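A short write-up of the structure that comes next.
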Ligand code: MG
């Protein structure tokens with residue numbers, strides 16, 4: 001009997017040790033897990049890109065005010081800086097991302113953005129912003145088309161300008177120098193969902209960066225996450241959001257933002 005008890009005890013200790021070892025082996029997801037560093041997209045020098053809004057466009061920013069925008073956090077009036085016909089990110093406590101008052105499903109979007117000429121920082125902390133093609137609410141990551149200085153700035157290629165963040169490497173790198181205006185033209189097909197929340201059809205994005213095709217009808221895997229694998233979460237219509245990234249580099253600017261609602 002005593003021998004049996006001793007053996008049981010030995011077994012229990014062994015089992016506990018093995019399960020502890022397994023628990024320690026299960027890795028905690030890290031941001032680096034979803035970074036991709038190669039292949040590096042080829043550099044392409046863009047031509048001129050002019051895009052005055054077409055007749056049926058909804059003007060989201062024409063240089064005069066930010067009336068179409070609210071704080072993404074609490075939907076209070078947007079507090080970025082409007083000056084000289086441009087909209088500049090305000091990096092200040094309590095001022096974060098802004099999003100459109102309007103909500104969209106499928107659309108064509110035009111956005112112009114500029115990295116400051118005196119930009120500092122490296123990799124993801126150099127002119128980081130983003131155009132969230134669908135801002136699915138506080139607590140969600142949403143669907144980000146990355147904005148970053150990608151002119152001679154090395155970073156993971158699925159996080160450079162023109163990437164669908166951590167999902168799709170741009171097909172080319174047509175980035176202009178800091179201080180010059182750049183354009184995004186996007187065709188966004190929103191995901192659709194069944195009543196039970198499962199995906200009926202995924203989201204697709206086609207993106208022209210400075211007139212160069214960088215995403216060709218890319219099928220998104222879900223929301224664009226900083227850490228972990230993408231997944232979908234049911235939503236209907238969503239605002240378009242601009243990111244005030246928390247890094248310490250100089251804030252960037254936007255102008256001439258318009259959308260064509262395709263519904
Ligand atoms: Mg970003």
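Ranked highest first by the average count of other Cβ atoms within 10 Å around their residues, in what order do 236-244, 62-70 fall?
Listed from highest to lowest mean packing, they are 236-244, 62-70.
Calculated FRET efficiency, residue 247 and residue 200, Cβ-Cβ r, R0 41 Å, to nearest 0.05?
Numbers: r = 37 Å, r/R0 = 0.90.
In this case the efficiency is close to 0.65.
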What is the projected area of the convex hull of the Cα atoms of the chain, averaged over all directions, in nm²? 19.3
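Which translational diffusion coefficient, to the nearest whole µm²/s, is obtained for the stretch 153-256 from the Stokes-Einstein equation, given a Kirkwood hydrodynamic radius over C-alpha pairs, 25 °C and 0.890 mPa s?
On the way: Rh = 15.4 Å.
Value of D from the Cα-based Kirkwood radius: 160 µm²/s.
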Sites residue 84 and residue 52, calculated FRET efficiency, Cβ-Cβ separation with R0 25 Å, nearest 0.05: 0.85
Just check the stretch 197-251 against the gyration tensor rule for me: Cα atoms, a ≥ b ≥ c as the square roots of the eigenvalues, rounded for a/c under 1.5, and otherwise prolate or oblate depending on whether a/b exceeds b/c. oblate
Peptides 38-48, 222-232: what's the order by average Cβ count within 10 Å, highest mean first? 222-232, 38-48
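Normalised radius of gyration for the stretch 21-70, please: alpha carbon Rg relative to 2.2 N^0.38 Å, two decimal places.
2.34
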For the stretch 55-178, go through all pairs of different Cα atoms, get the mean of 1/r, take its inverse, and jot down that Kirkwood value in Å. 15.7
Which length gain, in nm to one decimal place, applies between residue 65 and residue 91 when the Cα-Cα distance is subtracted from 0.36 nm times their residue separation? 7.5 nm
In what sequence, highest mean first, do 206-217, 85-96 appear when ranked by Cβ atoms within 10 angstrom? 206-217, 85-96
May I ask you to compute the full-extension gain from residue 118 to residue 216, defined as 0.36 nm times their residue separation minus their alpha-carbon distance, rounded to one decimal in nm? 32.0 nm
Between residue 101 and residue 43, the FRET efficiency computed from the C-beta separation at R0 = 41 Å comes out, to the nearest 0.05, as 0.60
Tilt of helix 2-25 relative to the longest C-alpha principal axis of the chain, in degrees (0 to 90, nearest 10)? 10
Any idea what Rg and Dmax come out to for the stretch 39-95 if you just take the C-alpha atoms, in Å? 16.1, 42
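Every read-out reported here was derived from the displayed coordinates using simple, explicitly stated rules and does not represent laboratory data. Source: prediction; values computed, not measured. Please note: Cβ atoms are built from the backbone with ideal geometry, for glycine as well, and neighbour counts cover all protein chains shown.
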